[in-house]
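Colleague: Supplied in structure tokens, the structure appears directly below.
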Amino acid sequence: MSFSIKRTKPISPQTSTLLHLLLPRSSLSSSALSQSNPNLYHHYSSILQSLTTLKPPSSSSIKQLHARLLLSGFGSDTHLGTKLINLYSTTHNLHYALQLFDKIPKRNLFVWNILIRAYAWHGPYQTAIDLYNGLIDYGLVPDNFTFPFVLKACSALSALETGRAVHDMAIRTRWVSDVFVGAGLIDMYAKCGCVDDARIVFDGVSGRDVVVWNSMIGAYSQNGRPLEALVLFREMVGDGFRPTVATLVTVVSAVADSSNLKRGREIHGFSWRRGFGGNDNVKTSLVDMYAKSGWVKAARDVFEKLAEKKIVSWNAMICGLAMHGHADEALDLFDEMKEEGRVIPDHITFVGVLSACSNGGLLEEGRKLFDLLVSSYSIEPTVQHYTCMIDLLGHSGELEEAYELIQRMPMRPDAGVWGALLNACKIHRNVELGEVALEKLIELEPNDAGNYVLLSNIYAQVGKWEGAAKVRKLMTERGLKKDIACSWIEVKNKVYAFLVGDQSHPCSEEIYRELDRLEGLMEEAGYVVDTVPVFHDVDDDEKKNMVRVHSERLAIAFGIISTPPGTKLLVTKNLRVCEDCHGAIKFMSKIVEREIIIRDVNRYHHFKDV
DNA sequence: ATAGGGTTAG
């Protein structure tokens, strides 16, 4: 019997030399092979060892070795089998790995671990969890390697219940305070949205290292708690830990969400002082931060200084332009990206350009892009792409077409889709479709007050007060309250917040006096109060009063009286800017000759009619 | 023999 190696695929010269050295001809042609041959066993073991050091190990060599091991009667040997499984799992041959695994009678923890690792990295993630449970049923106890692997699978699936069970096991096995296990648990809880559980784990980790800090800062940042992320970052630096690129990227993204340019510039400065100024990853997060802080030009400057523009960088810049309503620039940049040809647009790029079209009212451009996404880039449109299209069609007044698209889309429309339609119905005062959209929204998000408010406003716009009252009653019955409007503005390195009708500010009197003064000038310039957006069915005078104390107006008035003439104002609001304020701020901007930017829940509104 | 963290949209 001959054992010469059959070449199915050419193997790398490196591997071929290696096999030649380790397998002298004599052993290759030997005809009496069995487990009783310790030399051969040793040979196989060494070859396996050497293959492990190759990066990447040759797939075909592994299969050949496997075949020879079986022929030599070593098929069920734990030691050799383990090594082979390890090789198979690092070369993504999970099928063979699992086959071998089933044949090994004595399975040690190491084999379970590397299999769980393979499935946690490449999926199917549920298999990793099944294997973890299998390991326990088999009578083994998970160790400090098992936990990070299985937790990665839990994170990928947002499998909170399984994650909690794993956490419980980590406590019982006393691995819970280990840095690796802790980081895995923190990340799992973060991905499941349970930041406070993550914090409990964080507080219990002994000998925290930089990764554990990063994980916890990221947990806050990814779950919309930027201030806590920053507090923890300061604590980390105060404790003498040296931040890494991952720390900076996470913290900059947290600052981006906190909408505070001063903090953003501070962290930018910090990154320079600590030697991260030239790092492309940090720069990309800065592009996003500057865009979200309302300073598109600074974002663009950082973007142009990137050594290499990767897809994330392009996306951050394109989306940054889109959210500020610079539709043409966003599309130009998209063209530039295609021309440069180094990166391929992905699904996020298309969310960016489609939303740019939506903000810019570029219906035909948007239609073309939607076609392009499927035809030229073979991207499977996601529910977000459909949402963008429905938003675009809706804004452009094509409500019927938008509704048809919802009925045609291949996946189940989510709240975002119906929300886009409802919003379009509000803009174009379409009660019938608005009712359809709200009905669906109530099914999907029964406790979101904003949806009810929107429909109520549509009724109010067309004078259907009984409809508005019906929706309001429904809200009261369900115990829902409209979120209180709040706007904030940063003046001289301090953030000031204003609620609707707020009189608590020390300068309140001056603020209202300034509003009065502006209103007089606005009316002279042709401004007429549009009372329609007011929620309640009250008389006109009262409506007028409610509109004029909207939180963004208070913030703007405060900004005007407390900054030098000509200073640009950036106001952030927790809800959407109402139509009347939109019109009023145009006049204000003109009268005081200032650029005013409002960041609301959806996008940025620029008023620059100086 | 095996290990944990990061940026874009929504």
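Every read-out reported here was derived from the displayed coordinates using simple, explicitly stated rules and does not represent laboratory data. In this text, all values refer to a predicted model and were calculated from it rather than measured experimentally. Cβ: placed from backbone, ideal geometry, glycine included. Neighbour counts: every protein chain shown.
Colleague: What ranking do A:D137, A:D332 get, fewest neighbouring Cβ atoms within 10 angstrom at the top?
Modeller: Taking fewest neighbouring Cβ atoms as first place, the list is A:D137, A:D332.
Colleague: Out of A:A159, A:Y125, A:Y88, whose Cα points farthest toward the positive end of the dipole of the range A:57-204 (charges: +1 Lys, Arg; -1 Asp, Glu; placed on Cβ)?
Modeller: A:Y88
Colleague: May I pose another question? For the range A:486-607, what is the Kirkwood hydrodynamic radius in Å, using each pair of distinct C-alpha atoms? The partial results should precede the final answer.
Modeller: Details: mean 1/r = 0.0696 Å⁻¹.
Over the range A:486-607, the inverse of the mean reciprocal pair distance is 14.4 Å.
Colleague: Students often check this: by mean Cβ neighbours within 10 Å, which of A:423-429, A:246-252, A:368-374 ranks highest, and how do the rest follow?
Modeller: In descending order of packing, they fall as A:246-252, A:423-429, A:368-374.
Colleague: Determine the alpha carbon to alpha carbon distance for each of A:K309/A:K608; A:K283/A:K608; A:K83/A:K152; A:K338/A:K568; A:K305/A:K338 and list only those over 25 Å.
Modeller: Details: A:K309/A:K608 31 Å; A:K283/A:K608 28 Å; A:K83/A:K152 23 Å; A:K338/A:K568 34 Å; A:K305/A:K338 19 Å.
Check vs 25 Å cut-off fails for A:K309/A:K608; A:K283/A:K608; A:K338/A:K568.
Colleague: Among A:K297, A:K310, A:K63, what is the fewest-to-most ranking by other Cβ atoms within 10 Å?
Modeller: A:K297, A:K310, A:K63
Colleague: Using only C-alpha positions, report the orientation-averaged shadow area of the convex hull of the range A:330-426, nm², one decimal.
Modeller: Orientation-averaged projected area of the Cα hull: 5.8 nm².
Colleague: Tabulate in residue order the Karplus-calculated ³J(HN,Hα) for the range A:220-227, using 6.51 cos²θ - 1.76 cosθ + 1.60 with θ = phi - 60°, rounded to whole Hz; enter x for Gly and Pro.
Modeller: 5, 4, 6, 10, x, 10, x, 5
Colleague: I'd like the Karplus ³J(HN,Hα) series for the range A:456-473: coefficients 6.51, -1.76, 1.60, θ = phi - 60°, whole numbers in Hz, and an x wherever there's a Gly or Pro.
Modeller: 4, 5, 5, 4, 4, 4, 9, x, 8, 5, 5, x, 4, 5, 4, 5, 4, 4
Colleague: Related question: Give me the angle, in degrees from 0 to 90, between the Cα long axis of helix A:38-53 and the longest principal axis of the Cα atoms of chain A, rounded to the nearest 10.
Modeller: Taking Cα atoms only, the helix is inclined about 20 degrees.
Colleague: Positive end of the dipole of chain A, charges at C-beta (+1 Lys, Arg; -1 Asp, Glu), about the Cα centre: which of A:L100, A:I560, A:A298 has its Cα farthest in that direction?
Modeller: Checking the options against the dipole of chain A, the answer is A:L100.
Colleague: Given H placed on each backbone N at 1.01 Å, which residues far from A:L570 in sequence or on other chains put an amide H within less than 5 Å of it?
Modeller: Under 5 Å from the amide H of A:L570: A:E490, A:I597.
Colleague: In addition: Name the residue from A:F276, A:I511, A:M546 whose Cα lies farthest towards the positive end of the charge dipole of chain A, charges +1 on Cβ of Lys and Arg and -1 on Cβ of Asp and Glu.
Modeller: Farthest towards the positive pole: A:F276.
Colleague: All other residues with a Cβ under 15 Å from the Cβ of A:Y386 taken together, and with Lys, Arg as +1 and Asp, Glu as -1, what is their net charge?
Modeller: -3
Colleague: P(r) tail for the range A:54-112, what percent of Cα pairs lie past 17 Å?
Modeller: Tail of P(r) above 17 Å: 29 percent of Cα pairs.
Colleague: Another question about this same structure. Which number comes out as Rg/Rh for the range A:280-329 once both Rg and the Kirkwood Rh are worked out on C-alpha atoms?
Modeller: On the way: Rg = 9.5 Å, Rh = 10.3 Å.
Rounded to two decimals, Rg/Rh equals 0.92.
Colleague: I would also like to ask the following. List, in the order given, every pair from A:K464/A:K573; A:K191/A:K494; A:K292/A:K426; A:K191/A:K473 whose Cα-Cα distance in the structure shown is over 30 Å.
Modeller: Flagged as over cut-off: A:K191/A:K494; A:K191/A:K473.
Colleague: Let me ask another. Step through the residues of the range A:174-191 one at a time and calculate ³J(HN,Hα) from phi using the Karplus curve (6.51 cos²θ - 1.76 cosθ + 1.60, θ = phi - 60°), rounding each to whole Hz and writing x for Gly and Pro.
Modeller: 6, 9, 5, 9, 6, 4, 6, 5, x, 4, x, 5, 4, 5, 4, 5, 4, 5
Colleague: A follow-up question, please. So what's the Cα pair-distance distribution over the range A:265-363, bin width 5 Å, in %?
Modeller: Per 5 Å bin, starting at zero, the Cα-Cα P(r) for the range A:265-363 comes out as 3, 15, 24, 25, 17, 9, 6, 1, 0, 0 percent.
Colleague: For the range A:486-607, give the magnitude of the charge dipole about the Cα centre (Cβ charges: +1 Lys/Arg, -1 Asp/Glu; no others), in debye to the nearest 20.
Modeller: Dipole magnitude for the range A:486-607 comes out near 740 debye.
Colleague: Next question, about the same structure. Tally Lys and Arg at +1 and Asp and Glu at -1 over the other residues with C-beta under 14 Å from the C-beta of A:P413: what net charge comes out? If you can, show how the numbers build up before the last one.
Modeller: Details: positive: A:R408, A:R412, A:K440; negative: A:D391, A:E404, A:D414, A:E439, A:E443, A:E445.
Net charge around A:P413: -3.
Colleague: Further, regarding this structure: Compute the length gained on full extension between A:K297 and A:D239: take 0.36 nm times their separation in residues and subtract their Cα-Cα distance, giving the result in nm to one decimal.
Modeller: 17.3 nm
Colleague: How many nm is it between the label spots at A:L444 and A:N108, if each spot is 7 Å from the Cα in line with the beta carbon?
Modeller: Reported label-point gap for A:L444 and A:N108 is 5.3 nm.
Colleague: Might you report the magnitude of the Cβ-based charge dipole of chain A about its Cα centre, with Lys and Arg at +1 and Asp and Glu at -1, to the nearest 20 debye?
Modeller: Using Cβ point charges on Lys, Arg, Asp and Glu, chain A gives about 3160 debye.
Colleague: Once you list every other residue whose beta carbon is under 14 Å from the beta carbon of A:D209, what net charge do they have if Lys and Arg are +1 and Asp and Glu are -1?
Modeller: Working: positive: A:R208, A:R242; negative: A:D178, A:D239.
My count for the surroundings of A:D209 gives 0.
Colleague: Which trypsin sites (Lys or Arg not before Pro) in the range A:174-228 pass both tests, a DSSP loop state and at most 14 other beta-carbon atoms within 10 Å?
Modeller: Those satisfying the criteria are A:R174.
Colleague: I want the antiparallel fraction of DSSP beta bridges within chain A, as a percent rounded to 5.
Modeller: Percentage antiparallel, nearest 5: 75.
Colleague: Further question on the same structure: Within the range A:358-379, whose backbone N sits under 14 Å from a point 7 Å along Cα→Cβ of A:K338?
Modeller: A:365-379
Colleague: Let me ask something else. Which aspartates and glutamates have a Cα less than 12 Å from the Cα of A:K262, not counting those fewer than 8 places away in the same chain?
Modeller: Output for A:K262: A:E490.
Colleague: Also, quick follow-up: Taking the convex hull of the Cα atoms, report for the range A:124-178 its projected area averaged over all directions, in nm².
Modeller: If you wrap the Cα atoms of the range A:124-178 in a convex hull and average its projections, you get 3.4 nm².
Colleague: Please work out the Cα convex hull volume for chain A and give it in Å³ per residue.
Modeller: Numbers: hull volume 124.2 nm³, N = 610.
Given the Cα convex hull of chain A, per-residue volume reads 204 Å³.
Colleague: OK, next. For chain A, take the longest principal axis of its alpha carbons; what is the angle in degrees between that and the long axis of helix A:508-524, to the nearest 10 within 0 to 90?
Modeller: So the helix axis and the longest Cα principal axis differ by about 70 degrees.
Colleague: Is it possible to state the helix-based mean residue ellipticity at 222 nm for chain A, with each DSSP H run of 4+ residues giving -39500 (n - 2.57), the sum divided by total residues, to the nearest 500 deg cm²/dmol? What is it?
Modeller: It lands at -20500 deg cm²/dmol.
Colleague: If you don't mind, another one. Can you give me the convex hull volume of the Cα atoms of the range A:478-519, divided per residue and expressed in Å³? Before the final figure, lay out each step's value.
Modeller: On the way: hull volume 4.4 nm³, N = 42.
Expressed per residue, the convex hull around the Cα atoms of the range A:478-519 is 104 Å³.
Colleague: Return one number: the angle in degrees, 0 to 90 and rounded to the nearest 10, between the long axis of the Cα atoms of helix A:363-375 and the longest principal axis of the Cα atoms of chain A.
Modeller: 10
Colleague: Nearest 20 debye, what's the magnitude of the dipole of the range A:441-503 about its Cα centre given +1 on Lys and Arg Cβ and -1 on Asp and Glu Cβ?
Modeller: On the way: 9 positive and 8 negative charges, 42 e Å.
That gives the range A:441-503 a dipole magnitude of about 200 debye.
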